[in-house]
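What follows is calculated from the coordinates using simple rules that are stated; it is not laboratory data. Since we're looking at a predicted model, the values are computed, not measured. Don't worry about glycine lacking a Cβ; one is built from the backbone with ideal geometry, like all the others, and counts go over all protein chains shown.
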Amino acid sequence: MRRVALVFVVVALLAACGSDDGDEDVAAGPPPTEDAPSPPGRPAEITGPVATLQQAPESTADEPCPPAGSADQAVSSDDEQCPTGAASAGSGSLRIDEGTGTYTSAIARVDDGTTVLRRRADAYEPASFADVQVGARVEVWFEGAVGESSPVQGRAAAVVLEV
């Protein structure tokens, strides 16, 4: 009797996994066209409304920091230190609290390497972090390690604004 129950459980689990015949679309939205910008070809890790935005502070120094490792860069702990990586106007972070997908809440860091797009009816178009507004619905794909805190935190590979 136990064997029958075990076989039933295994068959049910395998049936629930389904099969991937490659016919279904991986990412929602319009299909990419050649040379057109598009998000990664996998489902977004989180989709939902932006709860908060934080713009990264821009560098305000009049002179650039000396190259890393140079004698000019040596400072005491009392001296003002050069920032490690000045932020651009297109960087910061966004938080989603009521999302769907792999995560239900997340903080995504956006930098110059993040692809920011706006979804139109039949295509994607380039956008910027400045176009993201609180309340806007976005899809986020992470790249690299994601801190499994609450909410999860990581670097956004791509952000798509849903229009």
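Numbers at a glance
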{"read-out": "Distance between modelled label sites at L53 and E98, nm, 7 Å Cα→Cβ extension", "value": "1.9"}
{"read-out": "Separation of the E162 and D131 label points, Cα + 7 Å toward Cβ, nm", "value": "1.7"}
{"read-out": "By average C-beta atoms within 10 angstrom, highest first, the peptides 93-103, 127-137", "value": "93-103, 127-137"}
